[in-house]
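A.B. asks: Sharing a structure below in structure tokens format, with a few things to ask.
What follows draws every value from the coordinates through simple rules; no lab data is involved. Treat the numbers as computed from the prediction; the structure is a model and nothing was measured. Using ideal geometry, Cβ is built from the backbone for each residue, glycine included, and neighbour counts are taken over all protein chains shown.
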Amino acid sequence: MKIAMVGTGYVGLVSGVCFSDFGHEVVCIDKDPRKIEMLMRGEVPIYEPGLEAVMARNVAAGGLSFSGDLAAAVAGADAVFIAVGTPTRRGDGHADLSYVMAAAEEIANALTGYCVIVTKSTVPVGTNRQVAEVVSKANPSAEFDVASNPEFLREGAAIDDFMRPDRVVVGVESERARAVMADIYRPLFLREFPIVYTDLESAEMIKYAANAFLAAKITFINEMAMLCEKVGADIKAVSKGMGLDGRIGNKFLHAGPGYGGSCFPKDTNALARIGQDHASPCAITETVIEVNDRVKRRMVDKLVDLCGGSVNGKTVAVLGVTFKPNTDDMREAPALTIVPALVGGGAKVRVIDPQGRREGEHLLPGVDWVEDPYAAATGADALVILTEWNEFRALDLAQLAQSMATPRLADLRNIYPPEDVRQAGFEAYVAVGRRGFGLGS
Ligand SMILES: NC(=O)c1ccc[n+]([C@@H]2O[C@H](COP(=O)([O-])OP(=O)(O)OC[C@H]3O[C@@H](n4cnc5c(N)ncnc54)[C@H](O)[C@@H]3O)[C@@H](O)[C@H]2O)c1
């Protein structure tokens, strides 16, 4: 199949690269010329483990190319995927569809024959029909179908998720479009990965419902963590005991500083708006959004407590600022709430992140970037583990404690057992959903 991928961000680039690896002929397009120039040089603009190698292999094999020329890529394509951003619209929580509709119009004007226009971006119910209207209006003689094909990949494990998905969801309304989508996903079908064919509205709903459910699961355990701290229980034990129940499952049951990232915050907001717009409020999702905000803000209180009531004049070392490990994505990361609050409270903040610096430098003004966790801790009054990169999982706690001005640790990912922290010489410790020690000192 000949495929054009419009939008070469986390989703478009991974999807385009993987489709070419399936054997399709793929052109990835972006309106950002710097991105296209980098890709043409063989450089990957984002950090995603394994992506560079699969990309290089397929460029070398001739099945993958990059271009800023949408019209040339769309002409003669069997399918054009829209994988542009759908951020939260300023002010009202709705998904901003302006990029999707602009892309649809451009595609309409470039069509040369029958083509399936596939929306891979996460979009509210009804968007695919709107895309069809935009295309028909811009090019009344265009021969096309629309299809909804939401993406479920996780940053940091994107290649594997795309190549070995739990399921592929395809919303289509014509046999012709279904046949094109079936050809595109044939390699996965042959390996018996489930492909769910449904109508457009259901496909659009599946994506939002799935993300809101996962956000709710994380938020549930974070709320339980707050209660555990009050009643003296340990959330790690509680999660384990809950997760072993097959109906619950152990994934997304790790307490932490609140969810962030490019999807959950905007998708929960958009779903809440969709519910309100249809007079069918999604009360659970609305509460999840509210509790998650509270969870993030509570982390700041924890750090203030750890520092004896004020961070003013204190040196705080923060390990990890990306919203999760193995990505350079900073969108809606808890760090964007926590670090500015520390800086605003008068703390001197040192930050280290294996991949977050490029993005984080302009998002976190007033901090010092360092390269090594031990250097970050030297002379510091508090150490905060905010993102659980592997690099931070096996630190020499005793060495860290010894080098600090006051050895205090906030382990906001519950990596280190409290006893190990105490034995290493830390005088104060807070975590999430488990008892701390040495507070108020
Ligand atoms: N990031 C994820 O993990 C993830 C996972 C599943 C679904 N999604 C969804 O996929 C969509 C894309 O997300 P992302 O994180 O890849 O976004 P992104 O911001 O990383 O990338 C979007 C790209 O589209 C380009 N673009 C915008 N308009 C264009 C146009 N008219 N022509 C060509 N290029 C254009 C931008 O320059 C940008 O490079 C969103 O709807 C998101 O919700 C994201």
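A.B. asks: Please give the helix 200-231 orientation as an angle from the longest Cα principal axis of the chain, in degrees from 0 to 90, rounded to the nearest 10.
C.D. replies: Computed tilt is about 0 degrees.
A.B. asks: Using +1 at the C-beta of Lys and Arg and -1 at the C-beta of Asp and Glu, which of V116, T88, P373 has the Cα lying farthest in the positive direction of the dipole of the chain?
C.D. replies: Selected residue: P373.
A.B. asks: Here's a follow-up. With a 10 Å Cβ neighbour count serving as the proxy for reagent exposure, in which order, fewest first, do T287, T406, T122, T387 appear?
C.D. replies: Ordered by Cβ neighbours within 10 Å, fewest first: T287, T406, T122, T387.
A.B. asks: OK, next. So what is the 222 nm mean residue ellipticity for the chain from helices alone, if each DSSP H run of at least 4 adds -39500 (n - 2.57) and you divide by all residues, rounding to the nearest 500 deg cm²/dmol?
C.D. replies: -13500 deg cm²/dmol
A.B. asks: For the stretch 7-21 and the stretch 317-346, what is the separation of their Cα centres, given in Å?
C.D. replies: Going from one Cα centre to the other spans 27 Å.
A.B. asks: What FRET efficiency comes out for R89 versus V44 if R0 is 25 angstrom and r is the Cβ-Cβ distance? Round to the nearest 0.05.
C.D. replies: Result of the calculation: an efficiency of 0.30.
A.B. asks: While we're on this one: Using square roots of five times the C-alpha gyration tensor eigenvalues, list the equivalent-ellipsoid semi-axes of the stretch 238-342 in whole Å, biggest first.
C.D. replies: Three semi-axes, in Å: 28, 19, 15.
A.B. asks: When the convex hull of the C-alpha atoms of the stretch 1-71 is computed, what volume per residue in Å³ does it have?
C.D. replies: Cα convex hull per residue, to the nearest whole number: 73 Å³.
A.B. asks: Under a point spin-label approximation (7 Å from Cα along Cα-to-Cβ), what is the N109-D199 distance to one decimal in nm?
C.D. replies: Once both label points are built, they end up 3.4 nm from each other.
A.B. asks: Quick one: compute a quarter of the convex hull surface over the Cα atoms of the stretch 1-121 and quote it in nm².
C.D. replies: The Cα convex hull of the stretch 1-121, projected and averaged over all directions, gives 7.5 nm².
A.B. asks: In nanometres, what is the gap between the two model label sites at E25 and D160, each 7 Å from Cα along Cα-to-Cβ?
C.D. replies: 3.4
A.B. asks: State the antiparallel share, in %, of DSSP beta bridges confined to the chain, rounding to the nearest 5.
C.D. replies: 5
A.B. asks: Could I ask something else about it? Give, in whole angstrom and from largest to smallest, the semi-axes √(5λ) of the equivalent ellipsoid of the stretch 97-226, with λ running over the eigenvalues of the Cα gyration tensor.
C.D. replies: 30, 19, 12
A.B. asks: Let me see the P(r) profile for the chain: every Cα-Cα distance counted, bins of 10 Å, each bin given as a percent of all pairs.
C.D. replies: The calculated distribution, bin by bin, is 4, 20, 27, 23, 16, 8, 2, 0.
A.B. asks: State to the nearest 20 debye the size of the charge dipole of the stretch 120-191 about its Cα centre, where the only charges are +1 on K and R beta carbons and -1 on D and E beta carbons.
C.D. replies: The calculated dipole for the stretch 120-191 is roughly 80 debye.
A.B. asks: Okay, moving on. Taking the 0 to 90 degree range and rounding to the nearest ten, how far is the long axis of helix 264-277 tilted relative to the main principal axis of the chain, both from C-alpha atoms?
C.D. replies: Tilt relative to the chain: about 60 degrees.
A.B. asks: What is the helix-to-structure angle for 175-184, meaning the angle in degrees between its Cα long axis and the longest Cα principal axis of the chain, kept from 0 to 90 and rounded to the nearest 10?
C.D. replies: 50
A.B. asks: Which trypsin sites (Lys or Arg not before Pro) in the stretch 341-441 sit in a loop by DSSP (not H, G, I, E or B) and have at most 14 other Cβ atoms within 10 Å of their own Cβ?
C.D. replies: Answer by residue number: R393, R435.
A.B. asks: PRE reach from E175 (point 7 Å along Cα→Cβ): which of the stretch 107-124 fall under 20 Å by backbone N?
C.D. replies: Residues 114-117 fall inside that zone.
A.B. asks: Please report the antiparallel percentage of the DSSP beta bridges confined to the stretch 62-214, to the nearest 5.
C.D. replies: Just about 15 percent of them are antiparallel.
A.B. asks: Contact order normalised by length for the chain, with contacts defined as Cα pairs under 8 Å and 6 or more residues apart; what percent is it?
C.D. replies: For the chain, the relative contact order is 12 percent.
A.B. asks: Report, in whole Å, the centroid distance computed from the Cα atoms of the stretch 109-181 and the stretch 363-426.
C.D. replies: Each part's Cα centre sits 45 Å from the other's.
A.B. asks: Continuing with this model, one more query. With charges set only on the Cβ (+1 for Lys and Arg, -1 for Asp and Glu), what does the dipole of the chain come to about its Cα centre, in debye to the nearest 20?
C.D. replies: About 920 debye.
A.B. asks: For every other residue with a beta carbon closer than 10 angstrom to the beta carbon of D328, add +1 if it is Lys or Arg and -1 if Asp or Glu, then tell me the sum.
C.D. replies: -3
A.B. asks: For the stretch 343-441, take the convex hull of the Cα atoms, compute a quarter of its surface area, and give me that in nm², please.
C.D. replies: Dividing the Cα hull surface by four gives the mean projection, 6.4 nm².
A.B. asks: What's the magnitude of the charge dipole for the stretch 216-331 around its Cα centre, counting Lys and Arg as +1 and Asp and Glu as -1 at the beta-carbon? Answer in Debye, nearest 20.
C.D. replies: 200
A.B. asks: Say R0 is 56 Å: what FRET efficiency, to the nearest 0.05, do D96 and D396 get from their beta-carbon distance?
C.D. replies: Step by step, r from the Cβ atoms, then E = 0.75.
A.B. asks: Can I ask one more? What is the set of long-range amide H partners of C115 at a cut-off below 5 Å, with H atoms built 1.01 Å from backbone N?
C.D. replies: Counting only residues 5 or more places away or on other chains, the set is F144, D145.
A.B. asks: List, in the order given, every pair from K31/K207; K230/K314; K137/K266; K217/K348; K251/K302; K217/K296 whose Cα-Cα distance in the structure shown is over 23 Å.
C.D. replies: The answer is K31/K207; K230/K314; K137/K266; K217/K348; K251/K302.
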